[in-house]
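The values are calculated or read from the model by the stated rules, or taken from the named source; none is laboratory data. Worth saying up front: this structure is predicted, and the values here are computed from it rather than measured. All Cβ positions, even for glycine, are placed from backbone atoms using ideal geometry, and neighbour counts span all protein chains on display. These accessible areas exclude ligands, DNA and RNA; they are computed on the full protein's heavy atoms, side chains included. Shrake-Rupley method; radii C 1.70, N 1.55, O 1.52, S 1.80 Å.
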Amino acid sequence: MFKRLKARKSSVKRSPGLVHDEPPENLYCRPHFLHQAPGETSLDQTVRPVVFPPRNKKLPWSTGYAEVVNAGKSIFNEDQATCKQLILKNRVNIDEDWVFLCPSEEPQNQEIMATYWGLFDGHGGPVAAIQASKHLHHCIKEQLEEIFNVISKPSTTSPPIHLMEPTGKENEMSYAREKEICIENVVRGAVEVAFKKCDELIGQYQISGNKTGGCTVLVVLHLQDKLYVASAGDSRAIAVQKNDVIPLSNEFTAVTERQRIQHLAFLKPELLGEEFSRYEFPRRVKRSDIGKKILYRDYFMSGWGYKTAEEDDLKYPLVHGDGKQTRVMGTIVVTRGLGDHKLKVYDTDLCIKPFLSCIPEVTVFDLGQHEFGQKDALIMATDGLWDVMSNKDVADITEKFLDERKQDPCRYTMLAQYLVFKARGVPHNNDWILEDGSFASLDDVSVFVIPLYHLGGTAQPST
């Protein structure tokens, strides 16, 4: 088993699929706002040109974007991106027996404007990322319109929604429970459901079309003076304000989600087959260790304990590796995202999907609680950037770059280009290196720069 996994280990970090109205699988494309026909897409991995939107095609809120293809990891740039405005319309009325808002007047606005940014880092090919980039925002829009009567209520303080469980009979009201739930939590739930529905759509195609693959997802949704940041994977979003860094997302990998994965194995040991042990060990257990005390960790442990090594401990660990090389079932690094419905452990029939989650972590950033200047921005990028640059590196570059170009209307796109250039590095002896001589990012890199000054101020979005 160990030899088979070792042979497979370098081939999967993350993994393709399609939904019904997608173009053929062989029609490769880049994000729509780059305005590139398939034949115009440059995939020269020896040059790795940095690509960005045309100057005359502004993105909403003057957003900046840039990307670069990998240095040979795959034949395509497997990153995808979406940036667009959503118009939410009132199409579903929520039963007033279920939801009561204070104040309770009828909605005054029949449309609500929202802005959506999405980054999708594909693995095993670009098709799953393309699917998600074309369909996830429709799923989110649909779920938000389901709660239109809730989010359209005029309020400056986000009053709680009182949810009453219906009992069917008035004399049974004593059994009802009343909970106070803020509007932000209802929006958070809508985004979570949207991710699940999009994952189901991708799964339907993958199963019917015998396709494999998946993608991580990072979404930022601007709705009513708040940013909802949904993270399912290892991309990252930060807000840079007065050179301070405000982390807006967390990465989900085999390292960060070890306990969740082990707990599922504890509840459903059949998912491990006869190949894996749910325990984590500092090193592989040898036959000579049997009967001796060894260090281990189980699902309920953040620290380490001792156990007597048994025959079963010779199996391959469910979560194993060092740092960024840590994988689930020796196969995949990331533990949240969309797709991967047919991903199996190499040379076995063991499915990995049960250990992967499509549900994002959604954080809320209240723009109304901050005052932003023209040097403040939200940076969201795939892991190709963060592999070689820290939050502070990016914040320092952002502060200095925007300070020197206050009057340039293209400064946010220029900053995105600069960040991608810095992460990509320069070619040197068949490698790519950074300014300090260390290895540059060999991965695909995609970066959005979103000006917080526009979002938090009175400026109107660009069309």
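Six or more apart or on different chains, Cβ under 6 Å: which pairs go from a residue in region 249-265 that's over 25 Å from LEU119 (Cα atoms) to one that's among the basic types (Lys, Arg)? Could you list them?
Cβ pairs passing all conditions: GLN262/ARG278; ALA265/ARG278.
Restricting attention to region 325-336, which residues are open to solvent by 10 Å² or more (accessible area, probe 1.4 Å) and closer than 25 Å to ILE130 by Cα?
ARG327, VAL333, ARG336
Looking only at region 267-280, filter to residues that are at negative phi and modelled with pLDDT under 95; which one of those is surrounded by the fewest Cβ atoms within 10 Å (Cβ to Cβ)?
The selected residue is GLU274.
Search region 441-463 for residues that are under 11 Å from TRP61 (Cα atoms) and pair each with any residue that is polar (S, T, N, Q) and modelled with pLDDT of 95 or more when their beta-carbon atoms are under 6 Å apart and the residues are at least 6 apart or on different chains.
Here the result reads ILE450/THR63, each pair linking region 441-463 to a residue that is polar (S, T, N, Q) and modelled with pLDDT of 95 or more.
Can you work out which of the residues in region 225-244 that are over 19 Å from the mean Cα position of the chain (by Cα) and in a strand (DSSP E or B) is surrounded by the fewest Cβ atoms within 10 Å (Cβ to Cβ)? I'd like the intermediate steps shown before the answer.
First, pick out the residues of region 225-244 that are over 19 Å from the mean Cα position of the chain (by Cα): 225, 240-244.
Now drop any that are not in a strand (DSSP E or B), which leaves 240-241, 244.
On the way: VAL240: 24, GLN241: 20, ASP244: 11.
For region 225-244, the residue satisfying everything is ASP244.
Mind listing just one residue for me: the one in region 131-159 that is at pLDDT below 55 and either among the basic types (Lys, Arg) or out of contact with any Pro (no Cβ under 9 Å at 6 or more places or on another chain) (or both) and, of those, least open to solvent (accessible area, probe 1.4 Å)?
SER158
Of the conditions (1) open to solvent by 50 Å² or more (accessible area, probe 1.4 Å); (2) touching a Gly at 6+ places or on another chain (Cβ under 8 Å); (3) assigned to a strand (DSSP E or B), TYR296 clears all except one; give me its number.
(1)
Can you list the strands (runs of 3 or more DSSP E) found entirely within region 354-463 that contain at least 1 residues being touching a strand residue (DSSP E or B) at 6+ places or on another chain (Cβ under 9 Å) and among the aromatic types (Phe, Trp, Tyr)?
361-366, 431-433, 445-451
Is it the case that some residue within region 356-376 is surrounded by 24 or more Cβ atoms within 10 Å (Cβ to Cβ) and touching a Pro at 6+ places or on another chain (Cβ under 7 Å)?
No, because not a single residue in region 356-376 is surrounded by 24 or more Cβ atoms within 10 Å (Cβ to Cβ) and touching a Pro at 6+ places or on another chain (Cβ under 7 Å).
Just a yes or no: is a residue in region 227-242 touching a Lys or Arg at 6+ places or on another chain (Cβ under 7 Å) and closer than 23 Å to GLU67 by Cα?
Yes, some residue in region 227-242 is touching a Lys or Arg at 6+ places or on another chain (Cβ under 7 Å) and closer than 23 Å to GLU67 by Cα.
Filter region 308-322 for residues that are open to solvent by 30 Å² or more (accessible area, probe 1.4 Å) and outside any loop (DSSP other than H, G, I, E, B); which is nearest to VAL255 (Cα to Cα)?
My answer is HIS320.
Among what's in region 439-463 and is at pLDDT below 95 and small (Gly, Ala, Ser), pick the residue that is nearest to ARG236 (Cα to Cα).
GLY456
Give me the residue from region 337-355 that is of a type outside the set (A, V, I, L, M) and open to solvent by less than 30 Å² (accessible area, probe 1.4 Å) and, out of that set, farthest from the chain's Cα centre (by Cα).
Going residue by residue through region 337-355, those that are of a type outside the set (A, V, I, L, M) are 337, 339-342, 344, 346-349, 351, 353-355.
Those left that are additionally open to solvent by less than 30 Å² (accessible area, probe 1.4 Å): 337, 339-340, 348, 355.
On the way: GLY337: 7, GLY339: 13, ASP340: 15, THR348: 28, PHE355: 17 Å.
Among those residues, the one meeting the criterion is THR348.
To keep it simple, each residue is scored yes or no on (1) aliphatic (A, V, I, L, M); (2) more than 19 Å from ILE359 (Cα to Cα); (3) at pLDDT 95 or above.
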{"site": "GLN206", "(1), (2), (3)": "no, no, no"}
{"site": "LYS211", "(1), (2), (3)": "no, yes, no"}
{"site": "VAL219", "(1), (2), (3)": "yes, no, yes"}
{"site": "VAL229", "(1), (2), (3)": "yes, no, yes"}
{"site": "ALA232", "(1), (2), (3)": "yes, no, yes"}
{"site": "SER249", "(1), (2), (3)": "no, no, yes"}
{"site": "GLU257", "(1), (2), (3)": "no, no, yes"}
{"site": "LEU264", "(1), (2), (3)": "yes, no, yes"}
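Given (1) part of a loop (DSSP other than H, G, I, E, B); (2) under 19 Å from LEU338 (Cα atoms); (3) open to solvent by less than 20 Å² (accessible area, probe 1.4 Å), identify the lone condition not met by GLU251.
(3)
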